[in-house]
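Engineer: Handing you this structure, nothing more for now.
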């Protein structure tokens, strides 16, 4: 797979500030608020993934949102492995799968019922909540062979992916977490009509104080922060973060003229924000002819016959849409 073009890395001169640009996850830290997080703007990479599949616009928007969330969560991994987001629901878009392999490879696809989707759009019910319907969202961490997968399952019952992420961290990680996501099609400066590109952005922040007892004061909905406690101004930190996040306009998360670093400065300049080196992410699929051949070699003779059509075995990768053709004779079983 060709890699997405990445902004040329240049060392900023003394007094200048470097910008990560599109398709880079930017970790950050706001010390006075005890907050850590990451922010990303997906541009050419996302446009390439969605353009390859030519999904209807409502489906593309939903998959883009899931991709941003997966990148924000997947780049938290500190080991070699995979982070997989998958939905199974009863809505017109009954499955989303987004797969992030460390340190940077992303692939994604959606499955939908075209007739139900058209009916939903005609009825004005094409919001992400409507398209997903009810079901579950599974977040899986896979460290590879000889290790046990970890999976967190969150119900999807008409809530947004942002809300689902908050519930996941509250229940599974017990860490106050907030997320903002945004998706849009944009015409970039200098381009004419009909040259719109998909862009998406997201920001994730977590409250990580050194003193564990301060987590109880974060006042998560339904959490332990509803207890009456002595007022401590330092423990208003999480509430202040939530208030700042409320000021984020969806357009700021995707506007390339704003960028991740400028948005962080807008949000946290009064406290001071520390920004770390951006982590590049790329459109890369792990499929290969050799892997698919290995799967076909495990088929029985009967299964090989059933898989043959017009003299060939045709396999399409659902993620990258690459087509592989095989001669059934390659898998003839010795008598």
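The values are calculated or read from the model by the stated rules, or taken from the named source; none is laboratory data. As the structure is a computational prediction, the values presented were derived from the model and not from experiment. Here Cβ is always computed from backbone atoms with ideal geometry, including for glycine, and neighbour counts include all displayed protein chains.
Engineer: Any idea how many residues of the stretch 57-85 are closer than 14 Å to residue 109 by Cα and surrounded by fewer than 18 Cβ atoms within 10 Å (Cβ to Cβ)?
Structural biologist: Within the stretch 57-85, residues that are closer than 14 Å to residue 109 by Cα and surrounded by fewer than 18 Cβ atoms within 10 Å (Cβ to Cβ) number 1.
Engineer: Return a yes/no flag: does the stretch 114-134 have any residue that is modelled with pLDDT of 95 or more, assigned to a strand (DSSP E or B) and out of contact with any helix residue (DSSP H, G or I) (no Cβ under 7 Å at 6 or more places or on another chain).
Structural biologist: no
Engineer: Do you know which of the residues in the stretch 156-208 that are in a loop (DSSP other than H, G, I, E, B) and either touching a helix residue (DSSP H, G or I) at 6+ places or on another chain (Cβ under 6 Å) or at pLDDT 85 or above (or both) is nearest to residue 57 (Cα to Cα)? Don't jump to the end; show me each part of the working.
Structural biologist: So in the stretch 156-208, the residues in a loop (DSSP other than H, G, I, E, B) come out as 158-160, 174-176, 188-195, 208.
Narrowing the set further to residues that are either touching a helix residue (DSSP H, G or I) at 6+ places or on another chain (Cβ under 6 Å) or at pLDDT 85 or above (or both) leaves 158, 160, 175-176, 208.
Working: 158: 20, 160: 18, 175: 34, 176: 33, 208: 38 Å.
Top of the filtered list is 160.
Every residue, every condition in (1) touching a strand residue (DSSP E or B) at 6+ places or on another chain (Cβ under 7 Å); (2) free of Cβ contacts under 8 Å to residues at least 60 places away in the same chain; (3) assigned to a loop (DSSP other than H, G, I, E, B), yes or no:
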site: 38; (1), (2), (3): yes, no, no
site: 47; (1), (2), (3): yes, no, no
site: 50; (1), (2), (3): yes, no, no
site: 55; (1), (2), (3): yes, yes, yes
site: 60; (1), (2), (3): yes, no, no
site: 64; (1), (2), (3): yes, no, no
site: 85; (1), (2), (3): yes, yes, no
site: 93; (1), (2), (3): yes, yes, yes
site: 98; (1), (2), (3): yes, yes, no
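Engineer: Looking at the structure I just gave you, is residue 113 assigned by TED's automatic domain parsing to the domain that holds residue 76 and buried (at least 16 other Cβ atoms within 10 Å of the Cβ)?
Structural biologist: Details: assigned by TED's automatic domain parsing to the domain that holds residue 76: yes; buried (at least 16 other Cβ atoms within 10 Å of the Cβ): no.
When the stated conditions are applied, residue 113 does not pass them.
Engineer: All but one of (1) free of Cβ contacts under 8 Å to residues at least 40 places away in the same chain; (2) not in a loop (DSSP other than H, G, I, E, B) hold for residue 260; state the number of the condition that does not hold.
Structural biologist: Failed condition: (1).
Engineer: With the structure loaded, tell me whether residue 170 is surrounded by 15 or more Cβ atoms within 10 Å (Cβ to Cβ), assigned by TED's automatic domain parsing to the domain that holds residue 205 and within 18 Å of residue 253 (Cβ to Cβ) or whether it fails that test.
Structural biologist: On the way: surrounded by 15 or more Cβ atoms within 10 Å (Cβ to Cβ): yes; assigned by TED's automatic domain parsing to the domain that holds residue 205: yes; within 18 Å of residue 253 (Cβ to Cβ): no.
So residue 170 fails the test.
Engineer: Looking at the stretch 162-188 only, could you name the residues that are farther than 22 Å from residue 29 by Cα and out of contact with any strand residue (DSSP E or B) (no Cβ under 7 Å at 6 or more places or on another chain)? Full working, then the answer.
Structural biologist: First, the residues of the stretch 162-188 that are farther than 22 Å from residue 29 by Cα: 163-164, 167, 171-172, 183-188.
The answer is 163, 171.
Engineer: If you scan the stretch 259-304, which residues turn out to be over 30 Å from residue 315 (Cβ atoms), crowded, with 17+ Cβ neighbours inside 10 Å and touching a helix residue (DSSP H, G or I) at 6+ places or on another chain (Cβ under 8 Å)?
Structural biologist: Restricting attention to the stretch 259-304, the residues satisfying the condition of being over 30 Å from residue 315 (Cβ atoms) are 259-279.
Restricting the remaining residues to those that are crowded, with 17+ Cβ neighbours inside 10 Å gives 259-261, 263-264, 267-268, 273, 275, 278-279.
Those that are over 30 Å from residue 315 (Cβ atoms), crowded, with 17+ Cβ neighbours inside 10 Å and touching a helix residue (DSSP H, G or I) at 6+ places or on another chain (Cβ under 8 Å): 263, 267, 268, 273, 275, 278.
Engineer: Also: Here are some conditions: (1) touching a strand residue (DSSP E or B) at 6+ places or on another chain (Cβ under 8 Å); (2) surrounded by 15 or more Cβ atoms within 10 Å (Cβ to Cβ); (3) without any contact (Cβ under 8 Å) to a residue 40 or more places away in the chain. Residue 130 meets all but one. Which one does it not meet?
Structural biologist: Single failed check for residue 130: (1).
Engineer: Only one of (1) buried (at least 22 other Cβ atoms within 10 Å of the Cβ); (2) at pLDDT 95 or above; (3) over 22 Å from residue 154 (Cα atoms) fails for residue 29. Which number is that?
Structural biologist: Answer for residue 29: the failing condition is (1).
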